[in-house]
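The values are calculated or read from the model by the stated rules, or taken from the named source; none is laboratory data. Model, not experiment: these values are computed from the prediction. Using ideal geometry, Cβ is built from the backbone for each residue, glycine included, and neighbour counts are taken over all protein chains shown.
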Ligand code: KG4
Ligand code: ZN
């Protein structure tokens, strides 16, 4: 039998990154991302500005992805796109574009769940990165999501825990805002935390039952603590910035690891994968490595470019669905609150 040659174009436009990627049989040929800088000045993503920027970016980004991959669009086997969850106006740009392109080329259209894609990014062929063994637990941690998912097979996943309010990345970004660190603050808090003493200040961890998370109380506790201290000493933040960041990071990572331990104990699953922007965090990476020693875990952290929002993760889901001939029809619509 002739081996199949599958070229998948993946398109991602759920939030503030317009991205396109071409995969050949699960190998990344290109992974292009236009990150929208406009939101920085507003301290967070402005939905209307995001959809406008997606409209401007989508054609050049797809064009570049094809050029870097060195293929012509007529060679594509299918077009995969993010159907949701995400910002409606943003999703609509990618969805409409993908539908017209697949229709024009007369090739299959494949809808992708963004949250599944963060998890299945682990199945991109990449030297030096092992693929998780089924069943495994996946913790997706980013500015928009915080979930623990039990993954029994590619498309057999169950959410067993999730945030009841803010996502963990929001906890980083909002704490950073209080400290005047700009947006997104996660990477800055992470860098400063490494210079500070994590025992300097104590923040109470929220008590949430089961495997769910809550981060909004922590943010308020940090706000009140800082306001009180600044009243007594106007230079409190600048004098203690590293220690404050280290203490915040220690608390947040503690919350994540506690729930992972609980999830691993209750399911008996010791293979643990992470994904999403916060998986770039040095604290979570270190804690997972320690988990290998302490709890006998096997842990999986994807290559950095596949952790934050990207289109290679959309294309790998496209590839897995292509093999199963799991295609969409042209009447598919974007879904802002799509569930796993
Ligand atoms: O996955 P992502 O690029 O976008 C979505 O939110 O979907 O994640 C962005 C989030 C932001 O909240 C950012 O502050 C956080 O990931 N982040 C980090 C780090 N790098 C990015 N948080 C903590 N430590 C980091 N090193
Ligand atoms: Zn995401």
All but one of (1) closer than 17 Å to residue 214 by Cβ; (2) not in a loop (DSSP other than H, G, I, E, B) hold for residue 165, so report the exception by its number. (2)
Unmet criterion (only one of (1) more than 21 Å from residue 17 (Cβ to Cβ); (2) touching a strand residue (DSSP E or B) at 6+ places or on another chain (Cβ under 6 Å); (3) within 14 Å of ligand 1 (Cβ to nearest atom)) for residue 137: (3)
Qualifying positions in segment 128-159 - within 16 Å of ligand 2 (Cβ to nearest atom) and either surrounded by 23 or more Cβ atoms within 10 Å (Cβ to Cβ) or not in a strand (DSSP E or B) (or both): 138, 139, 140, 141, 142, 143, 144, 145, 146, 147, 148, 149
When every residue in segment 172-186 that is within 16 Å of ligand 2 (Cβ to nearest atom) and not in a loop (DSSP other than H, G, I, E, B) is compared, the one farthest from residue 221 (Cα to Cα) is 186
Output the helices (runs of 4 or more DSSP H) that fall wholly within segment 208-300 and possess 2 or more residues being in contact with a strand residue (DSSP E or B) (Cβ under 9 Å, 6 or more places away or on another chain) and crowded, with 21+ Cβ neighbours inside 10 Å, or say none. 236-267, 282-295
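For (1) outside the structural domain of residue 187 (by TED's automatic domain parsing); (2) more than 16 Å from ligand 2 (Cβ to nearest atom); (3) without any contact (Cβ under 8 Å) to a residue 24 or more places away in the chain; (4) touching a helix residue (DSSP H, G or I) at 6+ places or on another chain (Cβ under 8 Å), each residue gets a yes or a no:
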position	(1), (2), (3), (4)
232	no, yes, yes, no
243	no, yes, no, no
259	no, yes, no, no
262	no, yes, no, no
265	no, yes, yes, no
268	no, yes, yes, no
282	no, yes, no, yes
289	no, yes, yes, no
297	no, yes, no, yes
